[in-house]
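Novice: Quick one: the structure is below, questions incoming.
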Amino acid sequence: MRTLATPRMEQDTKTSAEPELRFVLPSRAENVALVRRALSGVVDVLELGEARLLDINAAVSEACNNVVVHAYEGTEGAMDIYVWIQPTELEVIVSDHGVGIRPNVPEPGLEVQGLGLSLIQALTDRVEFLGGMGEGTRVRMRFAVDGGPEALPNGDRGDGADTPLPPGELSIAVSSGPLAAPVLGRVIAMLAARAEFSLEGISEAELVTDAVAAHAPRAIVGNRIQLGIDRPDGQLVVRVGPLAEGGATRVIQASALDDLPPVLERLTEHRRVESSGDVELLCLVLGAR
């Protein structure tokens, strides 16, 4: 039987390492499933198994649902998910900038803004509720794992959780390396399905993110592949960055296979390079096929 730490509310202390995954999206009920899809990519890479995936997804979904229903009092705001992978645990934080919670320790079995503490307690190895009235809420969940270091890149893991993400309705940043393709592929596939792409179009959207995951590390500034995604009718607009000068062209050219044109040309409707301060963004437009 799992030993559970008593949940507590305290002033937030920032995790020092840059997260392996950060996902920022509007606090809509439909977006909770996108968070689950991203987490399934992390769990698959760590080879944690279906039972552990169910535990993690259920606990994180409960925290996300709390943001959707309670954080912004009937309006819409940002839902921010961070994932850190440590040698013996997976840490997930679900954060909002809403009305916040009272800074006192709740009794077991009670709810905070409708958040079922007993469910999250049962599914995590440790949980903390951070924040206060008017300060937003951070739900920090830890899950015991085995094999985390093998999934991590060898690059710098310095503090960077608040690095600006590319513009878009949804933004995601993931470590370059083994996590990138599974996480980005699952997210883009669900978005493509919701945009009513055909099965072939969904598969091609995944090939686009596979190409980005494989080739963007040669040109990105830092060691995180970052996407900003907008969803106009029947399309997905994906901004990839931050890229060094000339990086967008290098990423496109690197996606060529044998004598075929580059994947990022063949499977996108439009491509352009955008400036963002001192770096480039590669803007890819995917259309329903």
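The values are calculated or read from the model by the stated rules, or taken from the named source; none is laboratory data. What you see is a predicted model, and the numbers here were worked out from it, not measured in a lab. Every residue, glycine as well, gets a Cβ built from its backbone with ideal geometry; the counts of neighbours run over all protein chains shown. Each accessible area value is taken on the protein alone, full model and side chains, heavy atoms only, with ligands, DNA and RNA left out. Shrake-Rupley method; radii C 1.70, N 1.55, O 1.52, S 1.80 Å.
Novice: Does segment 256-265 include one or more residues that are part of a loop (DSSP other than H, G, I, E, B) and touching a residue at least 60 places away in the same chain (Cβ under 8 Å)?
Specialist: Residues of segment 256-265 part of a loop (DSSP other than H, G, I, E, B): 256-262.
Restricting the remaining residues to those that are touching a residue at least 60 places away in the same chain (Cβ under 8 Å) gives none.
No, segment 256-265 has no match at all.
Novice: From the residues in segment 229-255 that are of a type in the set (A, V, I, L, M) and assigned to a strand (DSSP E or B), which one is nearest to the chain's Cα centre (by Cα)?
Specialist: This residue is Ile229.
Novice: Here's something else I'd like to know. What do you reckon, is Val240 under 23 Å from Pro26 (Cβ atoms) and not small (Gly, Ala, Ser)?
Specialist: On the way: under 23 Å from Pro26 (Cβ atoms): yes; not small (Gly, Ala, Ser): yes.
So Val240 passes the test.
For (1) at pLDDT below 95; (2) assigned to a strand (DSSP E or B); (3) in contact with a Gly (Cβ under 7 Å, 6 or more places away or on another chain); (4) of a type in the set (A, V, I, L, M), each residue gets a yes or a no:
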| position | (1), (2), (3), (4) |
| --- | --- |
| Pro149 | yes, no, no, no |
| Val174 | no, yes, no, yes |
| Gly177 | yes, no, no, no |
| Pro182 | no, no, yes, no |
| Ile188 | no, no, no, yes |
| Glu200 | no, no, no, no |
| Leu207 | no, no, no, yes |
| Ala216 | no, no, no, yes |
| Leu227 | no, yes, no, yes |
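Novice: If you scan segment 1-46, which residues turn out to be out of contact with any helix residue (DSSP H, G or I) (no Cβ under 9 Å at 6 or more places or on another chain), within 19 Å of Gln86 (Cβ to Cβ) and at pLDDT 75 or above?
Specialist: Ala17, Glu18, Pro19, Arg22
Novice: Select from segment 91-139 the residues that are modelled with pLDDT of 70 or more, touching a helix residue (DSSP H, G or I) at 6+ places or on another chain (Cβ under 7 Å) and surrounded by 18 or more Cβ atoms within 10 Å (Cβ to Cβ) and list them in ascending order.
Specialist: Val92, Val94, Asp96, Gly98, Ile120, Leu123, Thr124, Val127, Thr137, Val139
Novice: Mind counting the residues in segment 203-236 that are under 19 Å from Glu169 (Cβ atoms) and surrounded by 20 or more Cβ atoms within 10 Å (Cβ to Cβ)?
Specialist: Here the count works out to 10.
Novice: Can you work out which of the residues in segment 26-66 that are of a type outside the set (A, V, I, L, M, F, W, C) and outside any helix (DSSP H, G or I) is farthest from Leu227 (Cα to Cα)?
Specialist: Of the residues in segment 26-66, the ones of a type outside the set (A, V, I, L, M, F, W, C) are 26-28, 30-31, 36-37, 40-41, 44, 47, 49-50, 52, 55, 57, 61-62, 65-66.
Restricting the remaining residues to those that are outside any helix (DSSP H, G or I) gives 26-28, 47, 49.
Numbers: Pro26: 15, Ser27: 18, Arg28: 19, Glu47: 25, Gly49: 28 Å.
It comes out as Gly49.
Novice: Something else now. For segment 47-60, name all the residues that are within 17 Å of the chain's Cα centre (by Cα) and open to solvent by 10 Å² or more (accessible area, probe 1.4 Å).
Specialist: Result: Leu53, Asn57, Ala58.
Novice: Return the residues of segment 237-276 that are open to solvent by less than 70 Å² (accessible area, probe 1.4 Å), more than 18 Å from Pro164 (Cα to Cα) and touching a helix residue (DSSP H, G or I) at 6+ places or on another chain (Cβ under 7 Å); say none if nothing qualifies.
Specialist: Matches in segment 237-276: Val251, Ile252, Ala254, Ser255, Pro262, Val263, Leu264, Leu267, Thr268.
Novice: A further question follows. Could you figure out which of (1) among the β-branched types (Val, Ile, Thr); (2) touching a Ser or Thr at 6+ places or on another chain (Cβ under 8 Å); (3) more than 19 Å from Arg36 (Cβ to Cβ) isn't true of Val221?
Specialist: Among (1) among the β-branched types (Val, Ile, Thr); (2) touching a Ser or Thr at 6+ places or on another chain (Cβ under 8 Å); (3) more than 19 Å from Arg36 (Cβ to Cβ), the lone unmet condition for Val221 is (2).
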